[in-house]
Structures are given as structure tokens and as C-alpha cells.
Amino acid sequence: MTPPQRQRRTPGEDPPPRPAEGPKGPKGNPERFYVVAGPDGERADLDLVTLIVAQSPDPPNSATPEQAALLRLCSAPLSVAELSAYLNLPFSAVTALLTEMLAAELVRARAPIVRQALPDRSLLEAVMHGLQRL
């Protein structure tokens, strides 16, 4: 079986006709999520490792499907990166969604636990002495 050959167009030829477009309904031309997210376009200061926790696991009646899914996932603390992966949404869309939810106090954002740059010297010495005694 031979592979199909591509047809080349010369510069003077017209482009091939586009398929006819059907009627545009609510699913035909969806709005971008960042347009729907808010009038001012401001977002909360969230990074990939910010932990998100739901105030209540039960979504309110006014919650969108994405908000309800986020609330169910956030019964235990999850990072924004994990939420983005689980919901299969881009990070920017998740941050826009979380900004709305933070404003409505449906979720809380917690900074991750930052480890010290260097461990305590006395702890390292205690471990070293313990290992030498073995």
C-alpha cells in the first residue's frame, strides 16, 4: 500500500473551500474562561505549589460544574498543579477559577511549608554522634 501523496498548490491557485459552518449555539462558540472569570481580570497570587483546601466539601447550588469538581477534590489539601492535572485544565484557567472561589470564600489558599535552607547544626551533630555509636 502506498502512502497518500500531498497535492501542491501553485501561488496563483485559490485555497480549497472551507467546510460549511453550522448554526452557532452555546456549544458552537464558547467563551474563553479568562473572559468569563471576571470583569477586571485580576487574579489571586497563586503559584503551582499553593495548597487549596475547601471550606465545605458540598458545593452550593450556584456553583458551576468546574467549581463543584474543585470543591470535591479539595476536601484534602491539594496544590494548584495537582488540581490543574486532575481537572485537565490549564493552570491559567484554574487560577481564574480559584480567584472567583477565594473571593466567594468557598476555598482557602495556604502557602506551602517552606523548609529551612540549612538544617540545624545541633541536629546534624546529634545524628552524627548517634551513627558513630552504632
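Computed values, structure above
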quantity	calculated
Test result for A44, within 15 Å of the chain's Cα centre (by Cα), in a loop (DSSP other than H, G, I, E, B), modelled with pLDDT under 85 and not hydroxyl-bearing (S, T, Y)	yes
Filter result (open to solvent by 30 Å² or more (accessible area, probe 1.4 Å) and in contact (Cβ under 8 Å) with a residue 60 or more places away in the chain) within segment 42-98	A44, V49, L51
Meets criteria (surrounded by 16 or more Cβ atoms within 10 Å (Cβ to Cβ) and at pLDDT 90 or above) for V107	yes
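The values are calculated or read from the model by the stated rules, or taken from the named source; none is laboratory data. Please read all numbers here as calculations on a predicted model, not as lab measurements. Here Cβ is always computed from backbone atoms with ideal geometry, including for glycine, and neighbour counts include all displayed protein chains. Areas reflect the complete protein model, heavy atoms only, side chains present, ligands, DNA and RNA absent. Shrake-Rupley method; radii C 1.70, N 1.55, O 1.52, S 1.80 Å.
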